[in-house]
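Any read-out appearing in this document is the output of simple, stated calculations on the displayed coordinates, not a laboratory observation. Since this is a predicted model, take the numbers as computed values, not measurements. Glycine also receives a Cβ, built like all others from the backbone with ideal geometry; neighbour counts cover every protein chain displayed.
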Amino acid sequence: MLNISAEFFEDWRESARALALAEVPPEDVRWADGRARKIDGQADLFGCGDDVLPAPTSERTLHVPSVFLATAKTVSHHRDAARWDLLYRILWRMQHGERHVMNIASDDDVVHLTKLEKAVRRDGHKMKAFVRFREVTHEGDTCYLAWHRPDHYALRFTADFFVRRFDVMRWTIMTPDETASWDGSQLVFSPGMPKSAAKCDDEMESLWKTYYAHIFNPARIKLKAMQAEMPKKHWPTMPETELIDQMLRDAPKRVEAMLRYTDGIRSASTFVPEKVSLTSLRAAAKDCAACDLCEAATQTVFGIGPPDASLVLIGEQPGDEEDISGTPFVGPAGTLLDSILEEVGIDRQSVYITNAVKHFKFARSGKRRLHKTPSAREVAACRPWLVAELETIRPTHIVCLGATAAKSVFGPNFRITRDRGKQIDSDFAPWAMATFHPSAVLRSPDPEVGEKLTEDLRLVAASLSNATTS
């Protein structure tokens with residue numbers, strides 16, 4: 001009897017291939033769950049370590065249907081320790097006269113495999129729905145923490161979803177089994193953490209409760225169905241569940257938005273039209289309600305410029321004058337930008353100018369509206385508009401004006417003081433760079449800030465000229 005352990009699908013695949021080529025039947029292999037061993041520190045029942053894999057008895061190549069590999073990879077995230085035995089047994093059968101066993105829906109092994117696959121997929125769906133991020137600020141940096149208790153090893157199964165969904169945010173998702181952390185460029189897994197590790201004060205949690213109370217509709221809620229879809233074990237990590245009992249006793253409100261925004265962070269992706277052009281984007285953006293900024297702002301301030309522009313300039317957000325006029329960069333910062341562009345030889349009319357956030361965020365001071373920097377959540381919510389603009393225009397050059405725009409394009413690890421004026425790799429253009437925002441020049445008493453902005457835009461003008469002549 002051979003003792004073999006597997007922690008992840010790749011481990012099992014390598015070992016199973018060696019065993020199959022050595023003609024070792026399933027009944028001669030005892031598989032152990034390497035992941036459970038690592039997490040719980042549990043030893044093998046018989047106190048044995050992994051045996052050495054046998055040498056192959058032939059040089060033949062294993063041919064396995066792609067549907068089996070895809071299913072096996074999903075099932076590898078199940079918590080059932082017997083999953084490796086099941087997978088190897090089906091692999092063995094496919095190599096010994098039952099190649100199409102996966103097509104037999106009534107086969108006992110296939111029925112069991114299908115149940116395991118469905119359980120993992122359901123657990124992954126729950127994780128996407130019930131993870132709630134809490135905002136944490138430390139020494140000026142913002143990150144987002146969440147704790148979730150899955151039934152299976154769903155974190156690695158769903159990690160790519162969270163990377164795609166929140167790629168411009170720094171976040172960490174903790175589970176009892178393991179932890180996933182995204183720093184804007186790399187996903188790292190580390191040991192699991194207790195629920196207490198995710199406890200922190202969160203202003204957004206209070207706002208989310210207020211929002212949830214407005215969208216919940218007790219008159220239409222089916223409590224048993226809700227509890228089936230939202231098991232009570234997840235309620236402690238979901239701030240809105242504290243309100244349910246009271247809301248069920250209150251007058252009816254709305255419920256649809258509860259499911260529409262299950263991840264707790266809304267996105268403009270639901271407002272972006274299927275047929276994309278600058279005209280259709282601009283029209284659709286007028287109705288955007290992806291974040292709360294739309295409630296106080298006068299209007300959406302979308303980008304402006306030629307649809308075939310070689311250069312796209314990206315600012316942070318519209319200011320007071322832009323919010324009123326509906327056009328980006330028409331206030332003092334825009335006037336300064338115009339003069340610098342003229343000085344370095346860039347025609348403003350040939351440039352597409354937009355912002356990372358399309359609504360004006362401000363705080364009132366008497367009759368004045370004072371600029372407030374948008375949060376990472378608001379930048380992430382608005383980012384689909386910027387991505388759609390860039391993918392539609394396909395510029396050769398992108399310049400981000402200020403840290404907010406740069407982080408939206410290059411990721412949360414970007415630093416103006418460190419990376420300003422450097423050519424940076426980007427998926428949106430062959431040539432990209434970030435520099436100071438014109439408003440930073442207006443605020444700073446240091447004349448070098450304006451000189452560096454001019455110097456950087458002069459490099460842009462030279463690169464545009466070279467691209468035109470080459």
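In table form, for the structure just shown:
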| quantity | calculated |
| --- | --- |
| Hz values of 3J(HN,Hα) by residue in segment 443-448 - Karplus curve (6.51, -1.76, 1.60), Gly and Pro given as x | 7, 7, x, 8, x, 5 |
| GluC sites (Glu not before Pro) restricted to segment 270-375 and DSSP loop, no more than 10 other C-beta within 10 Å | 274 |
| Cα coordinate range in segment 28-179, projected on the principal axes (Å, largest first) | 61, 38, 28 |
| When each of 286/361; 126/407; 126/358; 126/195; 358/407 is checked by Cα-Cα distance, pairs over 26 Å | 126/407; 126/358 |
| Sites residue 27 and residue 125 - FRET efficiency at Förster radius 25 Å, r taken between beta-carbons, to 0.05 | 0.10 |
| Dipole of segment 109-187, positive end: most advanced residue of 143, 120, 184 [Cβ charges, Cα centre] | 120 |
| Segment 313-415: antiparallel DSSP beta bridges as a percent of all, rounded to 5 | 45 percent |
| Inter-label distance, nm, simple model (7 Å from Cα along the C-beta direction), residue 347/residue 186 | 4.5 nm |
| Inter-label distance, nm, simple model (7 Å from Cα along the C-beta direction), residue 448/residue 394 | 4.2 nm |
| Potential extension, residue 335-residue 364 segment - 0.36 nm per residue separation minus Cα distance | 8.0 nm |
| Estimated FRET transfer efficiency (residue 458, residue 164; beta-carbon r; R0 51 Å; 0.05) | 0.90 |
| Extension reserve of the residue 104-residue 63 stretch, reckoned as 0.36 nm per residue once the Cα distance is removed | 12.9 nm |
| R0 of 30 Å, Cβ-Cβ distance residue 151-residue 51: FRET efficiency to nearest 0.05 | 0.45 |
| Qualifying GluC sites (Glu not before Pro) in segment 71-153, DSSP loop, other Cβ atoms within 10 Å at most 10 | 139 |
| Dmax and Rg, reported as Rg then Dmax, of segment 396-443 (C-alpha, Å) | 10.2, 32 |
| Length added when fully stretched, residue 413-residue 425, from 0.36 nm per residue minus Cα-Cα | 2.9 nm |
